[in-house]
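Notes for the one structure printed next.
The values are calculated or read from the model by the stated rules, or taken from the named source; none is laboratory data. Remember, predicted model here, so these are calculated numbers, not experimental data. Here the Cβ is made from the backbone with ideal geometry for all residues, glycine too, and neighbour counts use every protein chain on show.
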Amino acid sequence: MIENMLAMNKTNILGLAIIMVAVATILSSCHDKRSRGLEYAPNMYYPIAYNPDQKNPIFENGISAQVPPIGTTPIGFTKFDEFPNTPEGYTAASTGITNPLPVTKKNLVEGQQLYIAMCGPCHGPKGMGNGHIVELGKFPAPPSYSTGNSSRGGAMNQLTDGKIYHTIQYGLNLMGSYSSQLSPEERWKVIMYVHQLQKPQ
(Lines give C-alpha, C1' and ligand atoms only; values in the text may rest on other atoms or scores of the structure.)
Protein backbone atom coordinates (compact mmCIF):
# COMPACT_ATOMS: atom_id res chain seq x y z
CA MET A 1 0.00 0.00 0.00
CA ILE A 2 2.77 2.42 0.99
CA GLU A 3 4.71 1.52 -2.13
CA ASN A 4 1.67 2.35 -4.29
CA MET A 5 1.28 5.72 -2.57
CA LEU A 6 4.96 6.56 -3.14
CA ALA A 7 4.69 5.62 -6.81
CA MET A 8 1.54 7.79 -7.13
CA ASN A 9 3.33 10.74 -5.44
CA LYS A 10 6.30 10.43 -7.80
CA THR A 11 3.95 10.34 -10.75
CA ASN A 12 2.03 13.37 -9.45
CA ILE A 13 5.23 15.34 -8.79
CA LEU A 14 6.59 14.54 -12.24
CA GLY A 15 3.30 15.45 -13.89
CA LEU A 16 3.09 18.71 -11.92
CA ALA A 17 6.65 19.63 -12.94
CA ILE A 18 5.86 19.01 -16.62
CA ILE A 19 2.69 21.13 -16.38
CA MET A 20 4.60 23.98 -14.70
CA VAL A 21 7.32 23.98 -17.39
CA ALA A 22 4.65 23.98 -20.12
CA VAL A 23 2.76 26.87 -18.49
CA ALA A 24 5.99 28.89 -18.05
CA THR A 25 6.91 28.29 -21.69
CA ILE A 26 3.48 29.39 -22.92
CA LEU A 27 3.42 32.49 -20.73
CA SER A 28 6.93 33.57 -21.73
CA SER A 29 6.17 33.09 -25.43
CA CYS A 30 2.97 35.13 -25.27
CA HIS A 31 4.57 38.18 -23.65
CA ASP A 32 5.97 39.84 -26.82
CA LYS A 33 5.39 38.52 -30.32
CA ARG A 34 8.74 39.97 -31.48
CA SER A 35 10.72 38.61 -28.54
CA ARG A 36 12.98 35.62 -29.02
CA GLY A 37 12.87 34.83 -25.34
CA LEU A 38 16.05 34.69 -23.36
CA GLU A 39 19.18 35.63 -25.32
CA TYR A 40 22.81 35.06 -24.49
CA ALA A 41 24.77 38.36 -24.48
CA PRO A 42 21.97 40.52 -25.93
CA ASN A 43 24.30 43.52 -26.30
CA MET A 44 25.92 41.63 -29.16
CA TYR A 45 22.60 41.85 -31.03
CA TYR A 46 21.49 45.22 -29.72
CA PRO A 47 24.61 47.39 -29.36
CA ILE A 48 24.59 50.29 -26.94
CA ALA A 49 26.39 52.58 -29.39
CA TYR A 50 24.58 54.14 -32.35
CA ASN A 51 25.18 52.61 -35.76
CA PRO A 52 26.55 55.02 -38.40
CA ASP A 53 23.27 54.97 -40.32
CA GLN A 54 21.03 55.53 -37.27
CA LYS A 55 19.48 58.80 -36.21
CA ASN A 56 21.31 60.30 -33.27
CA PRO A 57 19.72 62.80 -30.87
CA ILE A 58 23.14 63.81 -29.50
CA PHE A 59 24.02 65.88 -32.57
CA GLU A 60 22.03 68.87 -33.82
CA ASN A 61 21.67 67.45 -37.34
CA GLY A 62 20.58 64.04 -35.98
CA ILE A 63 23.26 62.13 -37.93
CA SER A 64 25.55 59.57 -36.26
CA ALA A 65 28.27 59.53 -38.92
CA GLN A 66 29.61 63.07 -38.65
CA VAL A 67 31.92 64.66 -41.21
CA PRO A 68 35.36 65.37 -39.68
CA PRO A 69 35.94 69.03 -38.76
CA ILE A 70 37.56 71.17 -41.45
CA GLY A 71 41.35 71.13 -41.28
CA THR A 72 41.65 67.85 -39.38
CA THR A 73 43.48 64.73 -40.55
CA PRO A 74 42.00 61.25 -39.92
CA ILE A 75 44.12 58.86 -37.86
CA GLY A 76 46.46 56.87 -40.09
CA PHE A 77 46.47 59.39 -42.95
CA THR A 78 49.05 61.99 -43.89
CA LYS A 79 48.08 65.23 -45.57
CA PHE A 80 49.77 65.98 -48.87
CA ASP A 81 47.96 69.23 -49.62
CA GLU A 82 51.11 71.30 -49.98
CA PHE A 83 51.87 69.43 -53.22
CA PRO A 84 48.65 69.40 -55.29
CA ASN A 85 47.93 67.06 -58.19
CA THR A 86 49.27 69.47 -60.81
CA PRO A 87 52.49 69.71 -62.85
CA GLU A 88 53.58 72.47 -60.49
CA GLY A 89 52.87 70.28 -57.45
CA TYR A 90 54.88 67.46 -59.02
CA THR A 91 57.85 69.76 -59.60
CA ALA A 92 57.60 71.23 -56.11
CA ALA A 93 57.47 67.74 -54.56
CA SER A 94 60.69 66.87 -56.40
CA THR A 95 62.71 69.19 -54.20
CA GLY A 96 60.27 69.70 -51.32
CA ILE A 97 60.30 66.24 -49.73
CA THR A 98 62.87 63.52 -49.15
CA ASN A 99 62.62 60.04 -47.69
CA PRO A 100 62.68 60.28 -43.88
CA LEU A 101 63.46 56.58 -43.41
CA PRO A 102 67.03 55.33 -43.10
CA VAL A 103 68.31 52.98 -45.79
CA THR A 104 68.52 49.68 -43.94
CA LYS A 105 68.37 46.07 -45.03
CA LYS A 106 65.04 45.64 -43.21
CA ASN A 107 63.47 48.66 -44.95
CA LEU A 108 64.76 47.52 -48.34
CA VAL A 109 63.39 44.00 -47.88
CA GLU A 110 59.98 45.34 -46.82
CA GLY A 111 60.07 47.82 -49.71
CA GLN A 112 60.81 44.98 -52.13
CA GLN A 113 57.90 42.93 -50.80
CA LEU A 114 55.51 45.88 -51.09
CA TYR A 115 56.82 46.73 -54.56
CA ILE A 116 56.34 43.17 -55.84
CA ALA A 117 52.78 43.06 -54.47
CA MET A 118 51.64 46.54 -55.51
CA CYS A 119 53.86 47.65 -58.39
CA GLY A 120 55.27 44.43 -59.85
CA PRO A 121 52.15 43.40 -61.82
CA CYS A 122 52.74 46.33 -64.19
CA HIS A 123 56.33 47.51 -63.65
CA GLY A 124 57.76 43.99 -63.42
CA PRO A 125 59.89 42.41 -60.67
CA LYS A 126 63.02 44.28 -61.80
CA GLY A 127 61.29 47.51 -62.83
CA MET A 128 61.74 46.86 -66.55
CA GLY A 129 58.06 47.44 -67.43
CA ASN A 130 57.34 43.77 -68.15
CA GLY A 131 54.87 42.81 -65.42
CA HIS A 132 52.14 40.16 -65.74
CA ILE A 133 49.49 42.73 -66.67
CA VAL A 134 51.66 44.01 -69.52
CA GLU A 135 52.34 40.48 -70.75
CA LEU A 136 48.60 40.02 -71.30
CA GLY A 137 48.96 42.49 -74.18
CA LYS A 138 46.04 44.70 -73.18
CA PHE A 139 47.99 47.57 -71.62
CA PRO A 140 51.12 49.42 -72.76
CA ALA A 141 54.31 48.82 -70.81
CA PRO A 142 55.40 51.46 -68.30
CA PRO A 143 58.93 52.78 -68.88
CA SER A 144 61.89 50.97 -67.33
CA TYR A 145 63.21 52.54 -64.13
CA SER A 146 66.81 52.14 -65.28
CA THR A 147 66.64 53.00 -68.99
CA GLY A 148 63.25 54.57 -69.77
CA ASN A 149 62.00 58.15 -69.98
CA SER A 150 59.17 59.56 -67.92
CA SER A 151 56.03 60.78 -69.70
CA ARG A 152 56.48 63.98 -67.70
CA GLY A 153 59.96 64.45 -69.11
CA GLY A 154 63.36 63.35 -67.92
CA ALA A 155 64.89 59.95 -67.37
CA MET A 156 63.22 57.46 -65.03
CA ASN A 157 66.53 56.81 -63.29
CA GLN A 158 66.59 60.48 -62.26
CA LEU A 159 63.23 60.41 -60.44
CA THR A 160 63.58 61.84 -56.95
CA ASP A 161 61.89 60.76 -53.72
CA GLY A 162 59.33 63.53 -54.07
CA LYS A 163 58.43 62.75 -57.68
CA ILE A 164 57.89 59.06 -56.94
CA TYR A 165 55.89 59.87 -53.80
CA HIS A 166 53.71 62.32 -55.77
CA THR A 167 53.03 59.65 -58.39
CA ILE A 168 52.11 57.04 -55.76
CA GLN A 169 49.84 59.59 -54.06
CA TYR A 170 47.95 60.74 -57.15
CA GLY A 171 48.71 58.23 -59.91
CA LEU A 172 49.73 59.02 -63.49
CA ASN A 173 48.29 58.07 -66.87
CA LEU A 174 46.96 54.48 -66.56
CA MET A 175 48.39 54.10 -63.06
CA GLY A 176 45.83 54.91 -60.40
CA SER A 177 46.50 56.38 -56.98
CA TYR A 178 47.88 54.02 -54.35
CA SER A 179 47.26 56.39 -51.44
CA SER A 180 44.60 54.09 -49.98
CA GLN A 181 46.64 50.90 -50.44
CA LEU A 182 49.98 52.08 -49.07
CA SER A 183 50.53 54.01 -45.86
CA PRO A 184 53.06 56.88 -45.98
CA GLU A 185 55.70 54.69 -44.32
CA GLU A 186 55.06 51.89 -46.82
CA ARG A 187 55.37 54.35 -49.72
CA TRP A 188 58.79 55.47 -48.48
CA LYS A 189 59.93 51.86 -48.32
CA VAL A 190 58.72 51.26 -51.89
CA ILE A 191 60.54 54.42 -53.03
CA MET A 192 63.71 53.19 -51.34
CA TYR A 193 63.49 49.95 -53.32
CA VAL A 194 62.64 51.74 -56.59
CA HIS A 195 65.93 53.64 -56.25
CA GLN A 196 67.65 50.24 -56.30
CA LEU A 197 65.85 49.43 -59.55
CA GLN A 198 66.95 52.75 -61.08
CA LYS A 199 70.56 51.55 -61.03
CA PRO A 200 71.89 49.95 -64.26
CA GLN A 201 70.69 46.35 -64.46
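Restricted to segment 137-180, and to residues that are aromatic (Phe, Trp, Tyr) and crowded, with 16+ Cβ neighbours inside 10 Å, which residue is nearest to the chain's Cα centre (by Cα)? Talk me through it step by step, then tell me what you get.
To start, the set of residues in segment 137-180 that are aromatic (Phe, Trp, Tyr) comprises 139, 145, 165, 170, 178.
Then keep just the ones that are crowded, with 16+ Cβ neighbours inside 10 Å; that gives 145, 165, 170, 178.
On the way: TYR145: 29, TYR165: 20, TYR170: 18, TYR178: 12 Å.
That would be TYR178.
Among the residues of segment 148-182, those that are of a type in the set (Ser, Thr, Tyr) and modelled with pLDDT of 90 or more comprise THR160, TYR165, THR167, TYR170, SER177, TYR178. In segment 87-104, the residues that are within 11 Å of ILE164 (Cβ to Cβ) and of a type in the set (S, T, N, Q) form no Cβ pair under 9 Å with any partner that is at pLDDT below 90 and surrounded by fewer than 11 Cβ atoms within 10 Å (Cβ to Cβ), whether six or more places apart or across chains. Taken together, MET20, MET5 contain a single residue that is modelled with pLDDT of 80 or more, farther than 29 Å from ASN157 by Cα, more than 28 Å from the chain's Cα centre (by Cα) and assigned to a helix (DSSP H, G or I), which is MET20.
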